[in-house]
Amino acid sequence: MASPVISQRTRSAMVALAAALNLVAPAHAGEALASRLQAVADAYIADTAAGEKATAISISVSLPEDGGTVNITAGRVSNTAGAAAITPDTLFQIGSITKSFTAVTLLQLQAEGVLDLDDPLETWLPQYPAWRQVTLRQLLTMTSGIPSYDNVAAMIADIGQQGLSRHFTPAVLVGFVDPAYPGAPQPTSGYAYSNTNYILAGMVIEKASGRTVQDNFERRLFGPRYGLTSTFYRAGPYPPEISRLMASGYFVAEGFPGMKNLDGADVKAEDMSWGGAAGAAVSRPEEVNRWVRALFSSNELKRARPAGNSPRSCRCEPVKPSRNSPRTTRAGSGSASRVSSRPRSGPAGSTRANRWATAPFTSTCPARISLSPWH
């Protein structure tokens, strides 16, 4: 969905987290770093529980040079009285980090000789003649000119009328912006963030491989190989055995009269088909760290990249580079997430509950920590 508005409280928390990393030398991080981060997390929840309705935050910092991992949590799995406290194993919807799985899968298919990133879309999806010359590379780098379906009023109205259990096929999502249909939005130009690009990429993966996106992720990426043993993908509702491990987030319909009936709904149970290959995965911060490290250091993933190219999305850059791109110092990695019922609002009025945090940031010490956004 569209990038969420970053509140002053959240900006302050990001600065405080960066400061906590800066003030503790990696060699002596341990308990001192954990103590500083816990204070930041506790203060953040206390400060935002009422205004932003944040219910939990989970932070994981992977220190360099075998310095170990620091995991910090604050808050509870839901706003229900007596709800359990979250733990480092609590799952969160990770939004557009899903795109990095989609991009890597396409890169691996290219390495296998199944497709080429310079293939025009018509090679794989001829049903979209308006975009026949758009290349797969342009989909991954957000330079295709194809608008994002989640900024379209018709899509928002559809969910408002049918609820969070509404199931979308990829073709229906793409149809919201396909110029073959009346009322389609105008093409974009240059770099323009669009979830439609990655829905199309997912469709190409399925057409080229003969397997579903879920099957590709599970066979290629999830599991012990990259430490993604609690990372999952469903283009639909998550089954109870997964959803019971997830933190709740709550839909806020304020300012959106067509969605009043959804106010307060627990989005943990929603049908994730609306995000699909663009944003339907769930995981936990420590595993996101492992994945980020794999993106930069795995020989298998390196071999999957075309020579001389490092696509933006393969670097896990989930938002516009001018403001929210992850930045990297020399050796560490980290991620954090929060659960909140604060709505996400985009230029065209798109909104859904903001389950993940707001924006990546970095410290100047040799550990990297990012708050990964949902959009």
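The values are calculated or read from the model by the stated rules, or taken from the named source; none is laboratory data. It should be emphasised that the depicted structure is a prediction, and the values quoted were computed from it without experimental measurement. In this analysis, Cβ positions are derived from the backbone assuming ideal geometry, glycine residues included, and neighbour counts consider all displayed protein chains.
Which one is modelled with the lowest pLDDT, of the residues in the stretch 111-150 that are part of a helix (DSSP H, G or I) and buried (at least 20 other Cβ atoms within 10 Å of the Cβ)?
Checking each candidate, the answer is Asp150.
Go through the stretch 171-192 and report how many residues are surrounded by fewer than 20 Cβ atoms within 10 Å (Cβ to Cβ) and within 23 Å of the chain's Cα centre (by Cα).
Within the stretch 171-192, residues that are surrounded by fewer than 20 Cβ atoms within 10 Å (Cβ to Cβ) and within 23 Å of the chain's Cα centre (by Cα) number 7.
For the list (1) closer than 28 Å to Tyr233 by Cα; (2) touching a residue at least 40 places away in the same chain (Cβ under 8 Å); (3) among the hydroxyl-bearing types (Ser, Thr, Tyr), I need the number of the one condition that Thr73 fails.
(2)
State whether one or more residues within the stretch 61-74 are more than 23 Å from the chain's Cα centre (by Cα) and among the charged types (D, E, K, R).
So far as the stretch 61-74 goes, yes, one or more of its residues are more than 23 Å from the chain's Cα centre (by Cα) and among the charged types (D, E, K, R).
How about the stretch 25-53: which of its residues are farther than 30 Å from Phe251 by Cβ, of a type outside the set (A, V, I, L, M) and either at pLDDT below 85 or in contact with a helix residue (DSSP H, G or I) (Cβ under 8 Å, 6 or more places away or on another chain) (or both)?
Passing the criteria: Pro26, His28, Gly30, Glu31, Arg36.
Does Glu31 qualify as being in contact with a Pro (Cβ under 8 Å, 6 or more places away or on another chain), closer than 24 Å to Asn289 by Cα and charged (D, E, K, R)?
Values: in contact with a Pro (Cβ under 8 Å, 6 or more places away or on another chain): no; closer than 24 Å to Asn289 by Cα: yes; charged (D, E, K, R): yes.
When the stated conditions are applied, Glu31 does not pass them.
Quick one: in the stretch 151-168, of everything that is in contact with a Gly (Cβ under 9 Å, 6 or more places away or on another chain) and in a loop (DSSP other than H, G, I, E, B), which residue is farthest from Glu206 (Cα to Cα)?
Val152
Which numbered condition trips up Phe217, out of (1) assigned to a helix (DSSP H, G or I); (2) under 20 Å from the mean Cα position of the chain (by Cα); (3) surrounded by fewer than 22 Cβ atoms within 10 Å (Cβ to Cβ)?
Among (1) assigned to a helix (DSSP H, G or I); (2) under 20 Å from the mean Cα position of the chain (by Cα); (3) surrounded by fewer than 22 Cβ atoms within 10 Å (Cβ to Cβ), Phe217 violates only (3).
Any idea which of Gly223, Gly236, Gly210 is in contact with a helix residue (DSSP H, G or I) (Cβ under 7 Å, 6 or more places away or on another chain), surrounded by fewer than 22 Cβ atoms within 10 Å (Cβ to Cβ) and not hydroxyl-bearing (Ser, Thr, Tyr)? Before you say what the answer is, go through the steps one by one.
Working: Gly223 fails: in contact with a helix residue (DSSP H, G or I) (Cβ under 7 Å, 6 or more places away or on another chain); Gly210 fails: in contact with a helix residue (DSSP H, G or I) (Cβ under 7 Å, 6 or more places away or on another chain).
From the options Gly223, Gly236, Gly210, the qualifying one is Gly236.
If I filter the stretch 90-109 for residues that are in contact (Cβ under 8 Å) with a residue 40 or more places away in the chain, of a type outside the set (A, V, I, L, M) and assigned to a loop (DSSP other than H, G, I, E, B), do I get at least one hit?
Among the residues of the stretch 90-109, at least one is in contact (Cβ under 8 Å) with a residue 40 or more places away in the chain, of a type outside the set (A, V, I, L, M) and assigned to a loop (DSSP other than H, G, I, E, B), which makes the answer yes.
Do we have Thr80 as outside any loop (DSSP other than H, G, I, E, B) and among the hydroxyl-bearing types (Ser, Thr, Tyr) here?
So Thr80 fails the test.
Considering only the stretch 239-277, how many residues are buried (at least 16 other Cβ atoms within 10 Å of the Cβ) and assigned to a loop (DSSP other than H, G, I, E, B)?
Final tally of qualifying residues: 12.
Scan the stretch 110-126 for residues that are closer than 22 Å to Ala171 by Cα and touching a residue at least 12 places away in the same chain (Cβ under 8 Å) and jot them down.
Residues satisfying the conditions are Leu115, Leu117, Asp119, Pro120, Leu121, Trp124, Leu125.
Of the residues Gly163, Gly190, Gly210, which single one is farther than 19 Å from Ala281 by Cα, modelled with pLDDT under 95 and out of contact with any Phe, Trp or Tyr (no Cβ under 9 Å at 6 or more places or on another chain)?
Sole residue among the options that is farther than 19 Å from Ala281 by Cα, modelled with pLDDT under 95 and out of contact with any Phe, Trp or Tyr (no Cβ under 9 Å at 6 or more places or on another chain): Gly163.
Would you point out the residue of the stretch 75-103, among those that are among the hydrophobic types (A, V, I, L, M, F, W, C) and in contact with a helix residue (DSSP H, G or I) (Cβ under 6 Å, 6 or more places away or on another chain), that is surrounded by the most Cβ atoms within 10 Å (Cβ to Cβ)?
Residue satisfying both the conditions and the ranking: Phe101.
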